[in-house]
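Here the structure comes first, spelled out in structure tokens, and everything after it is commentary.
The values are calculated or read from the model by the stated rules, or taken from the named source; none is laboratory data. What you see is a predicted model, and the numbers here were worked out from it, not measured in a lab. Note that we place each Cβ from the backbone using ideal geometry, even for glycine, and neighbour counts take in every protein chain shown.
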Amino acid sequence: MRSQASRLFDPSAEQRSLAEAARPVFDAAGRAGSAAAPGGPDPAGDPGPPGPGWRVLGESGLFGALLPQDRGGLGLAPSELAAITEQAGRVPVPGPLVETLWVAVPALAAHDHPLLARVVDGHAVATAADPAGRAPDLDVAHAVVVPGPHGDVLLGPDLGAAADPVSTADRLERSFRLPTTAVPSGPVPGSAPGGAAAPARGPADRPAGHPLPLLLDVGAVTLGRLGGAAYLVGIAARLLEIAVEHARTRVQFGVPIGSFQAVRHRLADTHVEIEIARSAVGGAAVDVDRGDPVAGGTVTCAAVLARRAFDAAQRHCLQALGGIGFTWEHELHVLVKRGHTFAHRFGSRRELERLLGAGLLDGELFQDTAASLRPGPPPPHI
Amino acid sequence: MSTAGSRRPVDVPDSYHRFAGDAAAWLAAHVEELPDVDTDEGFAAHRAWERTLHDAGWSGLSWPREYGGAGGDVLHEAIFAEEYERARGPVRITRPALRFLGPALMHTADAAQRARWLPPMLAAGEIWCQGFSEPGAGSDLAAVGTRAVRIGDGYVVDGQKTWTTYGRHADRMFALVRTGPPGAGRHGLTCLAIDLTGPGVDVRPIRQVHGRTGFAEVFLTGVRVPVTDRIGDEGDGWAIAMRLLSFERGPDAGGPARSRRRLAALAADVAAAGPGRDRASDEREPGAPAADLTAIGPDLDRAAVEGELGALVARVHGYRCHTDRRVAAAWRGEQPGAESSVVKLYSSELDLDVVELGLDLFGDERTAEGTPEFLDLWHSRAGRIYGGAAEIQRTVVADRLLGLPR
């Protein structure tokens, strides 16, 4: 295990302002997106970006976050992109944002793919599937990254016709499942605990497509899972922000409801879960920065904690808002439904927890602690 | 693909990495099991161990050299705390002194007092305890009622302190007393350093649910305290107490290491007892309680247990990441504040959940009186109370971090 000194992480003032600077971009994309119906091909004849908000994001240059500057990107480290992705979760817009930023662009760059520039500027769509074969915007995507038992592959184009739409309550999501013949079979590393097979689909032969190197030394699943975790923390943080504002201003029994302990404690507990999840995302992102072999495990921890934070947030914040939280015009349901999508993409909480538990029992985790002088819990301090 | 751009990990000078290696090597060579700290013999052994640590330069790492410290910083403290837990070092009986009593004195005591008190405090020559809680002042600290009346060049103190950690063995108490009129809340409070070895002091150990006596009640009857043992000015007690608590709120890098150890110990027991494992190859120490999952049925759902353990893995890891982040912030110079309540809420619930999963899986025999798990169960459960009850911590979060109306 690395020592305390080598695990420290802390955003510098410059890096914090970077994340803050991204906020207006997401706000603008959100406004553009709400001005038009999400989804559907672009009438100008371009091959169907997910919506006008997507153009705004493309024009900002954000999609090239992980591309080196000498290749026209922003040259950000994954830990910096994690902070930005959290901001994105606060103002969700339609489109495969996490998949593009974290998986598709690094994959296209690894292949020097001709689509790269058009994906970065938002004129073409690429996406990424999770180990269960789910992916957003498959019908309009020119390329899709698919994790497989023998490594990640890049598929496309012309997947659209074969993609199976999946119904979802998420207003911002156009969800699909990859055609079974396109999905590599067998367990994807990091997708099923204890070597248990992932749901079998398709023939056992390897899929057509271009094999990818291990993206950023950690692979598509870990990158997608980390980006999704950061995004989910942003959704949870926004839910809490809305609930706190409501609790400050909503008066019942002659006082703001935020003065009632029953409300205060629920929101305090939510804050605690969000803060820990944010720290875990930050720590795991630093592991990815380094290409540290522990990143697969620490990203999975962060993903579990982001799901726990979202669970607490959607439960308690919806409660704090009372009836207004159940109305169509309030933004709360849009966030909650978006959160449900990301709480399951790249693994549900239950699946990821089991993955970690199996790792613990097999001695893959906490080796240093288990090998200490004597067994047993720590002695009491008092 | 390579990424450009600055990296978010904090660049730590090599000297700190060397320090970590030196600490680990020294601890590996010197740590040994001591008799139970809850006995007179055991406490004496722990006191001698503190002396050993001090003489080797490992105590008071962030304390100034003039008080016998090493003149280092918060990162040295954090590195050593983690290495110490990893090496399974004995309980630190100087913990209250090192973490908050000493630092509070550095900021509030006068020069003569600092020279007189701090070096022996650091070397465990004098054991200090904190005297804040009273029977009528628990969560509501401003209700402190112990009276101190100024007579001549000193005070006469009458009252009762309770839940006093190491009170049984302490030489001196950092006490919060009332010098102003009764019932004035935060006003009229003063801090005194009370000599517990003098007349009028009656220390009665409290027998706790786990049979141990780490706490004591301290009865003060006509105890004379010279004015030269007053900490700060009369009436400054509340501000000094809050200052002290702010040091207590600093990040504790040993906490996540202890939680890891708790979970690793449980996982080792589950792995040894679980399906598919050969019990004959079980390498537990002789006399250790047998781990037997059949206690809860032969058809134990391994997947469910894996899921529960996995959730704890994530939470323990999150606790550690959060502590790493806090250590970095403190090293940058940020003062610890209300966010320590976040850590307390999270870690105390986490530790309890780890212990209770062990109890669920292995049954009540696991926490039979005298086992390490028995102590751990009750100690972890108390974590929701000591250092500020969970309800108080939630109130702090709601007031100061969320800005909710009172």
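Strands (runs of 3 or more DSSP E) wholly in the range A:136-213 with at least 1 residues that are loosely packed, with under 14 Cβ neighbours inside 10 Å, at pLDDT 85 or above and within 21 Å of the chain's Cα centre (by Cα) - which ones?
A:164-166
If B:E82 meets every condition in (1) closer than 23 Å to B:R172 by Cβ; (2) in the same structural domain as B:W26 (by TED's automatic domain parsing) apart from one, which number is that one?
Checking B:E82 against (1) closer than 23 Å to B:R172 by Cβ; (2) in the same structural domain as B:W26 (by TED's automatic domain parsing), the one that fails is (1).
Please note which strands (runs of 3 or more DSSP E) are completely contained in the range B:129-192 and include at least 2 residues that are over 24 Å from the mean Cα position of the chain (by Cα).
B:147-151, B:154-161
Could you list, in sequence order, the residues of the range A:319-336 that are loosely packed, with under 11 Cβ neighbours inside 10 Å and farther than 23 Å from A:A262 by Cβ?
The answer is A:W328, A:E329.
Please determine, by comparing only the residues of the range A:262-285 that are touching a Lys or Arg at 6+ places or on another chain (Cβ under 6 Å) and crowded, with 24+ Cβ neighbours inside 10 Å, which one is farthest from the other protein chains (Cβ to nearest Cβ).
Initial filter on the range A:262-285 (touching a Lys or Arg at 6+ places or on another chain (Cβ under 6 Å)): A:265, A:268, A:273, A:279.
Narrowing further to those that are crowded, with 24+ Cβ neighbours inside 10 Å: A:268, A:273, A:279.
On the way: A:A268: 4, A:E273: 8, A:S279: 4 Å.
By that ranking, first place goes to A:E273.
Conditions tested, residue by residue: (1) crowded, with 22+ Cβ neighbours inside 10 Å; (2) at the interface with another protein chain (Cβ under 10 Å from one of its Cβ atoms); (3) assigned to a helix (DSSP H, G or I).
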residue: B:L312; (1), (2), (3): yes, yes, yes
residue: B:W331; (1), (2), (3): no, yes, yes
residue: B:S341; (1), (2), (3): yes, yes, yes
residue: B:L352; (1), (2), (3): no, no, yes
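Tally the residues that are within 14 Å of B:D399 (Cα to Cα), part of a helix (DSSP H, G or I) and more than 7 Å from chain B (Cβ to nearest Cβ), restricting the search to the range A:243-261.
The number of residues fulfilling the criteria is 3.
Among the listed residues B:V316, B:V327, which satisfies the condition of being crowded, with 24+ Cβ neighbours inside 10 Å and over 17 Å from the mean Cα position of the chain (by Cα)? Reasoning before the result, please.
Details: B:V327 fails: over 17 Å from the mean Cα position of the chain (by Cα).
Only one candidate qualifies: B:V316.
For the range B:184-204, indicate whether the set of residues that are modelled with pLDDT of 95 or more, acidic (D, E) and closer than 29 Å to B:T39 by Cα is non-empty.
Checking the range B:184-204: at least one residue is modelled with pLDDT of 95 or more, acidic (D, E) and closer than 29 Å to B:T39 by Cα.
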